[in-house]
1. Roughly how tilted is helix 42-64, in degrees to the nearest 10 and between 0 and 90, from the longest Cα axis of the chain?
2. Ordered by residue, what ³J(HN,Hα) values in Hz, to whole numbers, does the stretch 32-38 give under the Karplus form 6.51 cos²θ - 1.76 cosθ + 1.60, where θ = phi - 60° and Gly and Pro are x?
3. State the three equivalent ellipsoid semi-axes of the stretch 4-89, derived from the C-alpha gyration tensor as the square roots of 5 times its eigenvalues, in descending order and whole Å.
4. Using each residue's phi in the stretch 80-90, evaluate 6.51 cos²θ - 1.76 cosθ + 1.60 at θ = phi - 60° and report the 3J(HN,Hα) Karplus result to the nearest Hz, with x for Gly and Pro.
5. Going by amide H atoms built from the backbone, whose H comes under 5 Å of the H on residue 41, apart from near neighbours?
6. Restricting to DSSP H runs of at least four residues, report the calculated mean residue ellipticity at 222 nm for the chain, -39500 (n - 2.57) per run over all residues, nearest 500 deg cm²/dmol.
7. Enumerate the calculated ³J(HN,Hα) couplings along the stretch 65-79 in order (Karplus 6.51 cos²θ - 1.76 cosθ + 1.60, θ = phi - 60°), each rounded to whole Hz, writing x wherever the residue is Gly or Pro.
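Every read-out reported here was derived from the displayed coordinates using simple, explicitly stated rules and does not represent laboratory data. Keep in mind that what you see is a predicted model, and the values were worked out from it rather than measured.
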Amino acid sequence: MGAERWLYGLRKDGTEFPAEIGLGYIDTADGRLVMSAIGDTSRRMETEEALREREEWLSTTLASIGDAVIATDTGGRVTFLNPVAQALTG
């Protein structure tokens, strides 16, 4: 219980869609009740794929720049070094 499983649902028009099911339980005075929730994950999967593509494009672009590129967060911690910056800083 509590684990998520991936599956495909079937729409009324016959097309499939990616879905996930979440399972859990509740202990009550009458015993244990099992709950489940099934959701269409099409939009989330499309968004995640678009984000992966964008991150890949950004990574490739930053890696191909001939100058050193160093990114930091608001606390000043380095979050990214391109290959030129890595070579300069060791």
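1. 10 degrees
2. Each residue of the stretch 32-38 in turn: 8, 9, 9, 10, 9, 9, 10 Hz.
3. Taking √(5λ) for each eigenvalue gives 45, 21, 8 Å, largest first.
4. Result, rounded to whole Hz: 7, 10, 7, x, 5, 5, 4, 5, 6, 9, x.
5. Long-range HN contacts for residue 41: 19, 20.
6. Taken over the chain, the calculation gives -11000 deg cm²/dmol.
7. 6, x, 9, 6, 10, 10, 10, 10, 8, 5, x, x, 7, 5, 10
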